[in-house]
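Below is one structure, written out as structure tokens, with a few remarks after it.
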Amino acid sequence: MTAPVIRLTGIEKSYPGVKSLDNVDFAVAPGEIHALLGENGAGKSTLTAVMGGAVKPNAGTIEYLGRNVVWRSPKEAQAAGIHVIHQELALFPELTVAENILLTEQPRGPLGLISPKARLKRVQSALDRLGVSIPASARIGDLTLADQQMVEIAKALVGEPRLLVFDEPTAVIAGREVDLLFDNMRKMRSLGIGIVYISHRLDEIFEVADRVTILKDGKLVGTHPIGSLTRDDMINLMVGRRLEQIFPPRPAKPTQGQVVLAVDRLSAGDRVKDVSLSVREGEIVAIAGMVGSGRTEVAEAVFGARAVESGAISIDGEAIPRPGPRQSIGRGVGFLTEDRKDKGLFLGLSVASNIVAPALDEITRNGLLDRSKESDIARRQISGFSIAAPSPETRVGALSGGNQQKVLFSRWARIADRLLILDEPTRGVDVGAKVEIYRMIRSLADQGVAVLMISSELAEVVGLADRVVVMAQGRVAGELYGDDVSEESVMRLAVHTQDRGTAGTIQ
Amino acid sequence: MTFAQAIIRRNRLTPSYIIVTILLIALVVTGAIVSDRFLSWRNISNLFQQMSVLGLASLGQTFVILLGGIDLSVGSIVSAATVFLANFLDWRPDLVWVAIPFALAAAAGIGALNGYLSVRLRVHPLIVTLGMSSIIFGSSLSYRKEPGGSIPPGFDVLAFGSLWGVPIPAIALFGAFAIAGVWLQRSRSGRSLYFVGGGFENARLNGLPVTRITTGVYALSGFCAGLAAIFLVAKTGVGDPRIGAALTLQSITPVVVGGTILAGGRGGVFGTFLGVLLVSMLNNLLNFSGVSSYYQWVLQGVIILIAVGLRDKGGES
């Protein structure tokens with residue numbers, strides 16, 4: 001094997017009370033896609049931060065391009081050719097693509113002034129090389145997330161990188177966008193660039209990675225060629241659990257409960273056209289489809305958070321003429337949004353406040369809050385959903401991502417006794433927490449709640465749902481149930497009309 | 001758990017309270033050294049009398065900032081209310097019990113309009129209240145260019161009187177803050193205020209009546225400005241269309257010094273109370289030592305930067 005681009009030896013990093021990395025060895029060869037796998041908190045982020053110069057290890061050595069280095073700052077590492085592409089993109093939404101890409105090295109014209117023309121030309125050719133049809137003059141804020149990610153990659157490539165680190169790039173994109181990303185990663189691999197790829201999605205790792213390194217609790221579990229591991233092996237190494245233990249068993253025969261949610265020829269905005277679907281008591285129905293296919297918009301319309309243009313929504317057979325969040329909550333409908341931070345939790349407030357937020361009526365007497373009742377409710381949810389929070393008064397922002405998600409879940413699960421709408425219920429949580437959330441969803445369904453779930457993770461859709469409604473470009477492309485549900489069949493429907501679609505261009 | 005930790009937990013104190021408390025103690029000690037009259041009952045009464053106007057205006061501002069907004073019309077509302085009260089009472093001194101409720105209702109009404117417009121027009125409250133401030137200021141000036149009017153005898157008891165030896169402005173101030181504290185912590189509407197401040201869209205998705213809450217909170221800020229005007233007019237005896245001009249920005253200082261964050265959703269009235277005490281005590285002490293009012297401004301600025309700069313920013317972003 002050729003000399004590695006980077007070799008980390010015996011890396012240790014401790015924070016007060018936690019050993020984040022414990023004697024970890026890690027190396028990336030040139031022209032290799034090396035996946036980094038582990039649960040949240042396993043140490044992946046810390047390891048990438050060490051490579052990128054954002055975190056100084058307490059012990060261990062970094063050998064980069066054959067020389068021992070000590071990064072004093074991320075800037076120094078970047079100048080040497082190491083680029084970390086974070087999940088949360090570091091772009092300026094108000095500036096153009098070209099301005100973002102050449103942020104620190106704007107080409108100069110006569111008089112030493114910045115030359116927009118030269119900038120556009122240089123950036124456009126860089127984008128063309130990547131094979132993406134994004135105009136260099138477009139404003140970042142007008143681009144889709146997938147396109148923004150491509151801009152971030154283009155930005156890295158301008159600096160002639162030797163090592164690229166992708167931190168969960170596919171958390172925000174789907175389908176063809178993922179394919180395009182992978183094509184580009186392979187292209188960069190063929191240029192001899194070393195690539196570190198972090199993802200929670202095992203299928204993607206099988207598709208794109210050459211080797212995989214698994215971390216658990218800050219310790220190295222092992223580094224293996226991708227061909228020598230099965231999916232089950234990986235999960236086993238990561239969590240010590242087997243695949244069949246991830247999804248709870250389905251009921252022996254399909255539910256015959258009455259229809260709770262009926263959506264009939266619903267149209268709302270540009271993204272929802274003529275959508276009909278239904279969910280029965282005790283049934284888990286998934287809406288699958290690409291990001292931007294209208295899944296979230298259907299959920300918002302059902303909950304009353306989005307204006308409906310035509311069509312009918314009924315809950316328990318009763319039509320709801322002008323739904324609003326308040327009315328929906330009153331009817332036992334809950335909506336777990338995909339955006340936990342902005343449209344989900346009140347991060348500055350306590351766990352208890354967050355849990356009772358949609359149900360203040362329940363703890364109000366004569367306009368005053370019954371604080372002990374609030375505490376009781378919160379305590380019950382904390383133990384029922386095994387949320388790791390020291391007390392009901394703990395600020396939600398202080399909890400880990402997985403526990404924040406459980407708080408959000410426990411809020412809606414408590415009040416949604418008829419219909420629970422879940423938009424990406426396991427986004428950004430590790431496998432351990434996922435398994436718990438899957439069990440909770442199934443157990444709610446077993447108690448008779450109708451569940452409408454949106455997910456970008458095909459494994460989740462296939463493993464958990466009783467029935468799958470696939471959407472494409474705002475319409476229902478098809479419905480699958482029983483043995484017909486597989487990752488392939490869902491995908492086929494999802495991209496069916498997408499072929500003539502607009503992936504990779506401005507919305 | 002130490003006693004201090006227990007207090008912090010119970011009152012949801014953040015370290016900014018501690019910084020302000022330390023600054024307060026330092027001020028008291030300095031005052032006691034500089035002058036033996038600083039801690040006299042007479043000066044303390046005087047201090048509370050001076051505090052009431054700023055305190056009430058800041059109280060209203062606290063609610064609005066907790067909501068994630070800001071109210072730049074506080075000063076204009078106070079000015080306009082003093083003009084109305086002094087001129088109305090000059091004309092009909094017997095109708096005190098008509099003038100006061102009317103002034104409060106009008107002030108609350110203007111506030112409600114602020115809140116309603118900012119939600120309905122989707123305009124940042126900074127702009128709505130700035131516009132409203134200008135409208136009110138201009139209207140009061142067109143009515144009375146110079147200070148004028150009068151108050152009936154006995155009205156000034158609100159500013160200078162005392163009950164069981166406690167100055168009436170102090171009673172009003174303590175009362176208002178105590179009610180506000182209980183309201184925020186214990187009532188449904190108080191909690192809803194924190195929810196809307198924590199995230200407007202989020203609160204809406206949780207079924208909270210966001211328009212009603214916003215309108216109500218701005219109305220409350222207007223109401224507090226109206227209350228401040230009553231105590232102000234009781235002290236000065238005239239209505240002055242310019243008297244509140246500096247009060248708008250002054251009312252924000254104790255709120256941020258007391259630890260309420262401008263982004264909304266975190267903080268409370270206890271911090272504001274400490275902030276008001278700090279600012280007022282500082283000015284009082286400087287007056288006492290004969291320092292020019294220019295330096296009062298300078299020191300006030302220094303205090304803001306110290307109190308806000310040193311506090312724990314954990315999780316604010």
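Remarks
- Taken about its Cα centre, the stretch A:342-415 carries a charge dipole of roughly 120 debye when the Cβ of each Lys and Arg holds +1 and the Cβ of each Asp and Glu holds -1.
- For the segment A:335-348, counting C-beta atoms of other chains within 10 Å of every residue's C-beta and taking the mean gives 4.
- Each label was represented as a point 7 Å from its Cα along the Cα-to-Cβ direction; for A:Ala3 and B:Glu146 these points are 9.0 nm apart.
- By the count of neighbouring beta-carbon atoms within 10 Å, fewest first, A:Asp264, A:Asp147, A:Asp128 end up ordered A:Asp128, A:Asp264, A:Asp147.
- In this label model, A:Val221 and A:Phe206 are separated by 1.6 nm, measuring between points 7 Å along each Cα→Cβ vector.
- Couplings for the stretch A:187-197, taken from phi via the Karplus curve 6.51 cos²θ - 1.76 cosθ + 1.60 with θ = phi - 60°, read 4, 5, 4, 5, 7, x, 7, x, 10, 9, 10 Hz in order; Gly and Pro are left as x.
- Environment charge of A:Leu419, counting only residues whose C-beta is closer than 13 Å and scoring Lys/Arg +1, Asp/Glu -1: -2
- Residue-by-residue Karplus 3J(HN,Hα) for the stretch A:459-473, coefficients 6.51, -1.76, 1.60, Hz, glycine and proline x: 4, 5, 4, 6, x, 10, 6, 7, 8, 10, 9, 9, 10, 9, 6
- Considering only the protein assembly as shown, percent of DSSP beta bridges that pair antiparallel, nearest 5: 60 percent
- Global geometry of chain B, whether rounded, prolate or oblate, following the gyration tensor of its Cα atoms and the 1.5 cut on a/c: oblate
- Only Lys, Arg (+1) and Asp, Glu (-1) charged, at Cβ; chain A dipole about Cα centre in debye: 1040 debye
- Lysines whose Cα lies under 23 Å from that of A:Lys121, excluding same-chain neighbours fewer than 8 positions away: A:Lys155, A:Lys187
- By the rule of a C-alpha distance below 28 Å, with chain neighbours fewer than 8 residues away ignored, the lysines paired with A:Lys253 are A:Lys434.
- Farthest positive-ward along the stretch A:386-500 dipole, Cα basis, beta-carbon charges - from A:Leu493, A:Leu464, A:Ala450: A:Ala450
- Ordered by the number of other Cβ atoms lying within 10 Å of each residue's own Cβ, fewest first, B:Val166, B:Val53 fall into the sequence B:Val166, B:Val53.
- Partner shielding of B:204-217 amounts to 4, given as the average count of beta-carbon atoms from other chains within 10 Å of each residue beta-carbon.
- Under the Karplus curve 6.51 cos²θ - 1.76 cosθ + 1.60, θ = phi - 60°, whole-Hz ³J(HN,Hα) for the stretch A:212-220, x wherever Gly or Pro sits: 9, 10, 10, 10, 9, 6, x, 10, 6
- Distance in nm between pseudo-label sites at B:Asn46 and A:Arg139 (7 Å out along the Cβ direction from Cα): 5.8 nm
- Under 5 Å from the amide H of B:Ser162 lie the amide H atoms of B:Ile168, each residue being 5 or more positions distant or on a separate chain, with H modelled from the backbone and absent for Pro and chain starts.
- A Förster radius of 56 Å combined with the Cβ-Cβ distance from A:Arg231 to A:Ser115 puts the calculated FRET efficiency at roughly 0.60.
- Neighbour counts of C-beta atoms inside 10 Å place A:Met471, A:Met491, A:Met440, A:Met51 in the sequence A:Met491, A:Met440, A:Met51, A:Met471, starting with the fewest.
- Cross-link reach list, lysines versus A:Lys13, counting only Cα pairs under 16 Å and skipping chain neighbours closer than eight places: A:Lys44, A:Lys56, A:Lys216, A:Lys219
- Each peptide in B:124-130, B:181-187, B:266-272 receives the mean, over its residues, of other Cβ atoms within 10 Å, and ordering these scores from highest gives B:266-272, B:124-130, B:181-187.
- Distances between placed amide hydrogens fall under 5 Å for A:Gln87 paired with A:Asp167, all partners being 5 or more residues away or on another chain.
- 5 angstrom amide H check on A:Ala35, placed H, neighbours 5+ away: A:Tyr197, A:Asp210, A:Arg211, A:Val212, A:Thr213
- Descending semi-axes in Å of chain A, equivalent ellipsoid built from Cα gyration tensor: 40, 28, 23
Read-outs throughout are calculated quantities, based only on the coordinates presented, and are distinct from any laboratory measurement. These numbers come from a predicted model, not from an experiment. Positions of Cβ are backbone-derived with ideal geometry, glycine not excepted, and every protein chain shown enters the neighbour counts.
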